[in-house]
Amino acid sequence: MTNMLRNKNKDLEVRKREKEDIKTEIYALSQSISMSAHKARRVLDQIRGRSYQETLMILELMPYRACYPIFKVIYSAAANAKHNMGLNEEYLVIIKATVDEGTTVKKLKPRARGRSYTIKRPTCHITIVLKDISLYEESVVENSIGCFKKTGWIYKKKSTDITYLVQSKVTIPFGLHNTKNYSKGLQEDQKIRECIKNYVQKNMRISSGVEGIARIEIQKRIDLIQIIIHMGFPKLLVEGKPRRIEELQMNVQKELNYVNRKLNITITRITKPYGHPNILAEFIAGQLRNRVSFRKAIKKAIELTEQADTKGIQVQIAGRIDGKEIARVEWIREGRVPLQTIRAKIDYCSYRVRTIYGVLGIKIWIFVDEE
């Protein structure tokens with residue numbers, strides 16, 4: 001009799017756990033997406049096992065076309081969990097992310113003299129499963145390894161260093177020490193950078209269209225946030241008003257509501273500003289807004305980088321160049337740019353320009369040195 005009662009109690013516990021899993025799991029399915037399963041799978045491998053907020057940040061930063069449909073599926077699943085089931089988005093974890101091959105759409109491309117050839121368009125089906133981990137009592141967070149141990153299953157949290165994802169934006173000691181508030185800290189850093197750039201655009205006397213901000217370093221401590229702005233032309237910001245740094249500091253504190261934490265902003269000057277890709281991209285963008293020929297703008301930028309003692313540069317512009325109806329890609333290379341060599345130290349920058357014809361994209365690779 002005692003064995004029978006034990007077996008019944010076990011069955012009841014298993015059923016309760018299954019019911020809890022059903023209540024805390026949210027499924028989302030997107031069918032017939034015009035994309036190969038291989039391209040979607042390489043993105044899903046990066047987000048499987050991560051929290052919801054961290055996944056959204058990674059998908060925004062990854063440069064793949066498959067990120068957008070996956071972003072929509074995860075966002076809709078989280079919205080259903082919040083509105084229909086009353087779950088908190090902070091406790092959602094992606095426990096399953098799969099992709100299956102769908103039907104292949106065949107089209108005929110007509111050619112001259114009655115000829116044609118087939119075009120095969122692969123499709124795929126994406127399945128996302130989110131789970132709420134707030135109802136589990138036995139949850140232990142290991143910051144050093146990044147794992148969540150729970151009853152019945154193990155969730156592994158992958159760690160990424162954000163300095164490789166965000167170009168020319170350094171955050172210390174963010175991705176290494178504070179893995180718990182990873183997404184909140186990244187959002188806070190983005191707000192700080194946007195606030196600084198907006199202030200510089202409003203208050204600087206810019207004649208050539210160059211703001212001169214190469215990069216912004218943010219060093220965080222318990223009671224202090226140290227911000228170091230690396231500028232190529234700091235005189236443009238300091239001239240006229242010597243208290244502009246204090247005004248900038250006050251604006252950042254007001255927007256981010258820093259009460260218990262001190263904020264310290266310092267400006268450092270770069271000796272060779274046109275050797276940095278961000279400043280060079282701003283120079284080319286200013287020339288394109290003034291309707292200067294893109295070839296003249298690129299050649300002028302290459303001449304400026306030669307003065308900075310660089311070993312090579314490649315500049316690429318894509319979009320409706322010179323107002324043409326058909327978008328195209330144009331690039332010019334000067335010197336060596338070994339992108340496949342690991343020892344080569346290469347600075348990279350991508351920049352968007354809004355013109356009257358549309359948005360143009362600028363990419364710059366600068367070969368600095370070889371280790």
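The values are calculated or read from the model by the stated rules, or taken from the named source; none is laboratory data. Just so you know, these numbers come straight off a predicted model, no measurement behind them. Heads up, the Cβs are rebuilt from the backbone with ideal geometry, glycines too, and the neighbour counts pull from every protein chain shown. Accessible surface is based on the protein model in full, side chains and every heavy atom, while ligands, DNA and RNA are left aside. Shrake-Rupley method; radii C 1.70, N 1.55, O 1.52, S 1.80 Å.
Is it fair to say GLU334 is at pLDDT 90 or above and not hydrophobic (A, V, I, L, M, F, W, C)? Yes; evaluated as a whole, the condition is true for this residue. Taken over the range 110-137, the criterion of being surrounded by fewer than 16 Cβ atoms within 10 Å (Cβ to Cβ), within 33 Å of the chain's Cα centre (by Cα) and modelled with pLDDT under 80 is satisfied by SER134, LEU135. For the range 335-349, the set of residues classified as out of contact with any helix residue (DSSP H, G or I) (no Cβ under 8 Å at 6 or more places or on another chain) and either hydroxyl-bearing (Ser, Thr, Tyr) or touching a residue at least 40 places away in the same chain (Cβ under 8 Å) (or both) consists of THR341 only.
Among the residues of the range 295-314, are any β-branched (Val, Ile, Thr) and farther than 24 Å from LEU339 by Cα? Scanning the range 295-314 turns up no residue that is β-branched (Val, Ile, Thr) and farther than 24 Å from LEU339 by Cα. Of the candidates GLN249, GLN219, the single residue that is modelled with pLDDT of 85 or more, more than 25 Å from VAL353 (Cα to Cα) and either in contact with a Lys or Arg (Cβ under 6 Å, 6 or more places away or on another chain) or open to solvent by 40 Å² or more (accessible area, probe 1.4 Å) (or both) is GLN219. Against the condition open to solvent by less than 60 Å² (accessible area, probe 1.4 Å) and under 18 Å from LEU186 (Cβ atoms), how does ILE70 come out, does it pass? Judged against the criteria, ILE70 is not a match.
Here is the figure for the range 73-103: residues that are open to solvent by less than 50 Å² (accessible area, probe 1.4 Å) and either hydrophobic (A, V, I, L, M, F, W, C) or under 19 Å from the mean Cα position of the chain (by Cα) (or both) total 12. Of the listed requirements (1) out of contact with any Cys (no Cβ under 7 Å at 6 or more places or on another chain); (2) at pLDDT below 85, LEU280 misses just one: (2). Residues in the range 30-67 that are open to solvent by less than 60 Å² (accessible area, probe 1.4 Å), more than 23 Å from GLY185 (Cβ to Cβ) and part of a loop (DSSP other than H, G, I, E, B): MET35, SER36, ALA66.
If you go through the range 353-364 one residue at a time, how many are surrounded by fewer than 19 Cβ atoms within 10 Å (Cβ to Cβ) and either over 10 Å from ILE321 (Cα atoms) or not aromatic (Phe, Trp, Tyr) (or both)? The total comes to 7. When ILE267 is tested against (1) open to solvent by 40 Å² or more (accessible area, probe 1.4 Å); (2) modelled with pLDDT of 90 or more; (3) outside any loop (DSSP other than H, G, I, E, B), exactly one condition is not met: (2). For the range 282-301, a residue qualifies if it is crowded, with 18+ Cβ neighbours inside 10 Å and in contact (Cβ under 8 Å) with a residue 24 or more places away in the chain, and the qualifying residues are GLU282, PHE283, ILE284, ALA285, GLY286, GLN287, LEU288, PHE294, ILE298, ALA301.
On the stretch given as the range 87-129, residues that are within 17 Å of ALA28 (Cα to Cα), in a strand (DSSP E or B) and not polar (S, T, N, Q) total 15.
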